[in-house]
Amino acid sequence: MTGKVTNERLRQLLLDLGFAKGQLVANNHRVFRHPDSRCLIVLPDNRDADTARAADVAGVRDHLAHQGHLEDEIFDRLMAEDKLPAT
C-alpha cells in the first residue's frame with residue numbers, strides 16, 4: 001500500500017462502510033461499531049491530519065477483510081488513490 005493514510009481518512013472509510021462512531025474509551029481510543037455485523041474496531045482518537053500508525057492501518061485492513069466488509073486489494077487501492085467508497 002502506498003500513499004499517506006491519515007487518521008481522518010481511516011476513520012472516514014469506516015463511516016463510509018456503515019460503521020457508527022461511538023464513545024471514547026480508555027487511553028483516548030474511539031469505538032466504531034457496524035450495526036448489521038456487530039463488528040467493532042477500536043482506534044486511537046489521534047489528530048485528523050496526522051499520519052495513521054502503520055499498525056492501525058494494517059489492523060483495520062485485516063479486520064475489514066476478515067469480517068467481509070472490504071477486500072484487502074480494494075482497501076489498498078482506495079488508500080493509495082486517496083479515494084473512498086461512496087456511501
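The values are calculated or read from the model by the stated rules, or taken from the named source; none is laboratory data. On a predicted model such as this, the values are computed, not experimentally measured, just so you know. No Cβ is skipped: glycine too gets one built from the backbone with ideal geometry, and neighbour counts run over all protein chains shown.
What the table shows:
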item: Residue list for the stretch 14-41, filter: in contact with a Lys or Arg (Cβ under 7 Å, 6 or more places away or on another chain) and surrounded by 12 or more Cβ atoms within 10 Å (Cβ to Cβ); result: L15, F19, K21, G22, R30, F32, L40
item: Single condition V60 does not satisfy, out of (1) modelled with pLDDT under 95; (2) in a helix (DSSP H, G or I); result: (1)
item: Selection within the stretch 1-29 - within 17 Å of A54 (Cα to Cα) and free of Cβ contacts under 8 Å to residues at least 24 places away in the same chain; result: H29
item: Qualifying residue in the stretch 47-58 (condition: surrounded by 14 or more Cβ atoms within 10 Å (Cβ to Cβ) and in contact with a Phe, Trp or Tyr (Cβ under 7 Å, 6 or more places away or on another chain)); result: no
item: Failed condition for V25, given (1) among the β-branched types (V, I, T); (2) within 22 Å of E81 (Cα to Cα); (3) over 11 Å from the mean Cα position of the chain (by Cα); result: (2)
item: Subset of the stretch 12-57 [in a strand (DSSP E or B) and β-branched (V, I, T)]; result: V25, V31, I41, V42, T51
